[in-house]
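Asker: Once you've had a glance at the structure underneath, I'll fire off some questions.
What follows is calculated from the coordinates using simple rules that are stated; it is not laboratory data. This one's a predicted model, so the numbers in the text were calculated from it and none came from an experiment. Backbone-built Cβ (ideal geometry, glycine too); neighbour counts: all protein chains shown.
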Amino acid sequence: MCAGIMDDMQKQTPKKPRKTIFLMVLILLLSACTNNQTATIVYPPTTEILVPTNTEVLKTAEVITPTEIPAAAIVNGEPISLEFFEGEVARYLAAQDANAEASGDVTEAREVVLNDLIDQVLLAQAARAGGLTISDEEVQEKIDSLSEETDLSAWMNTWGYSEESLFEALKLQMLAALQRDLIIEAVPEVVEQAELRQVFAYTQEGARSALTSLRSGADFEDVAYTYDPLTGGYLGWVPRGYLLIPAVEDAAFSLPAGSYSDVIESNVGYHIVLVIAREDREISGDALSTLQRQALYDWLEEQRENSTIEVLDT
């Protein structure tokens, strides 16, 4: 079996993939020529403020509504500044140009940036609800640290950041990162895993021929090497949620150790899966990263389903 198909078998992608910028890493604002990160200024929700009309005992109150700031979207009552959104779109497109990755699709760029900003706000809101905070002092310390590493003023000028917008953007990202870390750290590092080998064929006829040989007493490993001389179809130890093909994963965690499946059809070909062993064990680094990424996607999808998100201008 070719390496590309092995990768397809082993590497699970999020169930509802969405282009994103923030997600698994804290935004590094100083990647200059390769910068494709996002940030946002999120202004507080508009509220009614009651103030006394004179120095006497307050008998009536005047309702003062703060000046509304144009928003690109409102997430659970919290607006994302339209001005900053437009700036982030410009920075995103400029970063693509710098990396020779420009697609020329401005509509797609606006969607990518807005989705990322919404993700950041959802993470930050959850962090605040859980009692997590980022102080102004912590943000300033980060900015001071960045200033020691590069010409921050020149970088800000290149990418169109003011001191205020940089401060607020970094504060939001740092707060969102706290919630992100809680989500990915909740993924256990020791879980039930299955050790697997498979016979893979591109055609149903080839798979049926292999199954006939196995049922006639042929050794599974020998048959597997016939179809994949390089690895013998060895998939290694995999946890739930890691395999791309649900039917293969179902077989991996339902069949007794030492048994193999019937022919399983997928969009890449035909599989016969042998469960060599199954036990609780530590997840490999690659598998852990995949499960953490999936956990974050799932969390964000759930938050979006249970949140009020109004997109005003994209």
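Asker: Return the FRET efficiency for the residue pair D222, S289: r is the Cβ-Cβ distance, R0 is 45 Å, and the value is rounded to the nearest 0.05.
Answerer: FRET efficiency, D222 to S289: 0.85.
Asker: If you don't mind, there's one more thing I want to ask. Fewest to most neighbouring Cβ within 10 Å: what's the order for I143, I245?
Answerer: By the 10 Å Cβ count, ascending: I143, I245.
Asker: Next question, about the same structure. Which far-off residues, 5 or more places away or on another chain, put their amide H under 5 Å from the one on L235, with H placed in the peptide plane?
Answerer: Correct list: L196, R197, Q198.
Asker: Would you please put 210-219, 77-86 in order of how densely packed they are, using the mean number of other Cβ atoms within 10 angstrom per residue and starting with the highest?
Answerer: Ranking the peptides 210-219, 77-86 by packing returns 77-86, 210-219.
Asker: For labels at R281 and R240 in the simple 7 Å Cα→Cβ model, what's the distance in nm?
Answerer: Distance between label points: 1.9 nm.
Asker: Extending each Cα 7 Å along its Cβ direction at E192 and N267, get the distance between those two points in nm, one decimal.
Answerer: 2.8
Asker: Please give the length that would be gained between M156 and E137 if that part of the chain were fully extended, namely 0.36 nm times their separation in residues minus their C-alpha to C-alpha distance (nm, one decimal).
Answerer: Roughly 4.8 nm would be gained on extension.
Asker: If you don't mind, there's one more thing I want to ask. Based on a Kirkwood Rh over C-alpha pairs, give the Stokes-Einstein translational diffusion coefficient of region 190-282 at 20 °C and viscosity 1.002 mPa s in µm²/s.
Answerer: Details: Rh = 13.1 Å.
It diffuses with D of about 163 µm²/s by this estimate.
Asker: What distance in nm lies between label points placed 7 Å from Cα along the C-beta direction at D97 and E302?
Answerer: A separation of 4.2 nm, rounded to one decimal place.
Asker: Calculate one ³J(HN,Hα) per residue across region 122-133 by plugging θ = phi - 60° into the Karplus curve 6.51 cos²θ - 1.76 cosθ + 1.60, and present them in order as whole Hz with x for glycine and proline.
Answerer: 4, 5, 5, 4, 5, 4, 5, 5, x, x, 7, 9
Asker: How large is ³J(HN,Hα), in whole Hz, for each residue of region 142-148 in order, when computed from phi with the Karplus curve 6.51 cos²θ - 1.76 cosθ + 1.60 and θ = phi - 60°, using x for Gly and Pro?
Answerer: After applying 6.51 cos²θ - 1.76 cosθ + 1.60, I find 5, 4, 4, 5, 5, 5, 6 Hz.
Asker: I'd like to know which of A257, G217, L235 lies farthest towards the positive end of the charge dipole of region 190-282, counting +1 on Cβ of Lys and Arg and -1 on Cβ of Asp and Glu.
Answerer: G217
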